[in-house]
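Reviewing the structure listed below.
Each value in this text was obtained by applying a stated rule to the coordinates, not by laboratory testing. What you see is a predicted model, and the numbers here were worked out from it, not measured in a lab. As a convention, Cβ positions derive from the backbone with ideal geometry for all residues, glycine included, and neighbour counts pool all protein chains shown.
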Amino acid sequence: MAMVSEPTHDVTAAPIEKGSDVGEVSQWRLMARRFKQSKLAVTGGLILLVMYAIALLAPFLSPNDPTAVDSNLKNAAPSKLTWDGGLAICGQTQTLNEENFTFEYKVDCNKASKVEWFGKGYEYKILGLIPSDRHLITAKEPTKLMLWGGDIDGRDVFSRTLAGSQVSLTIGLFGVSVATILAAVIGTISGYFGGLVDNLLQRAIEIILSVPTLPLWATMAAVLPRDMTVTKRYFLITIILSLVAWAGLARQVRGKVMAYSSADYVAAARAAGSGHSRIILTHMVPNSVSHLVVVTMLAIPGTIIAETSLSFLGIGMLPPAVSWGVLLQDAQKIQVVTQYPWMLIPAVAVILAVTCYQLLGDGVRDAVDPYG
């Protein structure tokens, strides 16, 4: 009896989708998936994106020139809004209290001025390039829209807070970026080569870490000339903040590199004839990237607080520069805080930014260990 063989089918393996194998791409996807599970971290990241977008569009969103002084609005309370066939601002009259020599304001909504959307105001440059005088919201002259009141010189606190975000938010990014680059280079060199190089670098790091951070920052910032331009001072303050921040991160990178240097794939790379630069750039640095990202995220709020503290003490950013620390100089007296509480609004902005960065850093830290 003849045996009838069943037809055979050519079974071929399904093509592997690019990035689906266990590798760099799939691991980053796994990190992103785990990060999305942290609602607080995602919320903090979204709030930070909104804050940076506001900082980028600060001149357009500001109804008044943040540097314009108006003696008729010294310590003016926030404008009272009303509805008069459209959104309007109640008028207010300034009077001097001769008993305590403070200005008082009487609100009169019968003399309201309508608010204009996309109206004309002070001139500025979009992204520092394109001249414009259009603003999201303005008020008809001579009335000024003071959403968060005025300071001791009659300047708009709302507009100054938006302008200050451009300095306070970016100086943290730039300062930590410089510190991260220094830490990655020095920490990798120290951990990879070891020996005398490692001993010299670690002793230098220990000396830096033994000095109290804030007094060291204050000393370096205090020696800067007070008559230098805002741009130069911004650049130098960024360098000062980064010169200390790199030391602790460099020690952490050194520990990671020392652990990686004894791995089998590094030994195989050496046996294959790879040079030091190729091993460092191909194996050491990429494996430390996730740790660097986490530490960088957690270091940015510390840098923001450092700049705010230095500016608050009068040795960081100085007028005419505008930062949150500079704005808080006007709130040093308890009398100002009790009578004009809106002067503390820049402190709320600092707290919000720092808290969001900490939530974001915690979420990234949990996401980089997706198998934990």
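So, with +1 on the Cβ of K and R and -1 on the Cβ of D and E, and no other charges, what is the size of the charge dipole of the stretch 79-145 about its Cα centre, to the nearest 20 debye? The partial results should precede the final answer.
Values: 9 positive and 9 negative charges, 71 e Å.
In debye, rounded to 20, the stretch 79-145 gives about 340.
Under 27 Å between C-alpha atoms is the cut-off here; go through the stretch 79-145 and count lysine pairs that meet it, provided they're at least eight residues apart or on different chains.
19
Based on Cα positions only, what radius of gyration and what Dmax would you give for the stretch 79-145, in angstroms?
Over the stretch 79-145's Cα set, Rg and Dmax evaluate to 15.7, 50 Å.
How large is the Rg to Rh ratio of the stretch 61-193 when both quantities use alpha carbon positions and Rh follows Kirkwood?
Using Cα coordinates only, the ratio equals 1.23.
Which one, Gln94, Trp117, Thr143, is farthest towards the positive end of the dipole of the stretch 79-145 when Lys and Arg carry +1 and Asp and Glu -1 on their Cβ?
Trp117
For the charge dipole of the stretch 178-312, defined by +1 on Lys and Arg C-beta atoms and -1 on Asp and Glu C-beta atoms about the Cα centroid, which residue among Val211, Ser277, Leu201 has the Cα displaced farthest towards the positive pole?
The residue sitting farthest along the positive end of the dipole is Ser277.
No other cysteine beta carbon under 4.7 Å away is the test; run it over the chain and list who passes.
So far as the 4.7 Å Cβ criterion goes, Cys356 stand without a partner in the chain.
Cβ neighbours within 10 Å, averaged per peptide: list 328-340, 233-245 in order, most packed at the top.
Going by the mean number of other Cβ atoms within 10 Å, highest first, we get 233-245, 328-340.
Jot down the radius of gyration and Dmax of the stretch 158-270, Cα atoms only, both in angstrom.
Gyration radius and largest Cα-Cα distance of the stretch 158-270: 18.0, 60 Å.
Where in the chain is the longest stretch that carries no GluC sites (Glu not before Pro) classed as loop by DSSP and with at most 11 other Cβ atoms within 10 Å?
On the way: sites that count: Glu17, Glu98, Glu99.
Maximal segment without exposed cleavage sites: 100-372.
What nm distance separates the two modelled labels at Ala259 and Glu123, each placed 7 Å from Cα along Cα→Cβ?
Between Ala259 and Glu123, the simple spin-label model gives 5.8 nm.
Considering the values (1) 98, 48, 38; (2) 66, 46, 43; (3) 113, 72, 37, which represents Cα extents along the principal axes in Å as calculated for the structure under consideration?
(3)
If a helix is a whole DSSP H run, which ones in the chain reach 30 Å or further along their own axis (Cα) and hold a mean Kyte-Doolittle hydropathy of at least 0.0?
Qualifying helices, which must be both long enough and hydrophobic enough, are 157-193, 230-261, 285-312, 345-367.
Each label point is 7 Å from the Cα along the Cα-to-Cβ direction; what then is the distance between the points at Tyr52 and Asn110, in nm?
For Tyr52 paired with Asn110, the spin-label model returns 5.2 nm.
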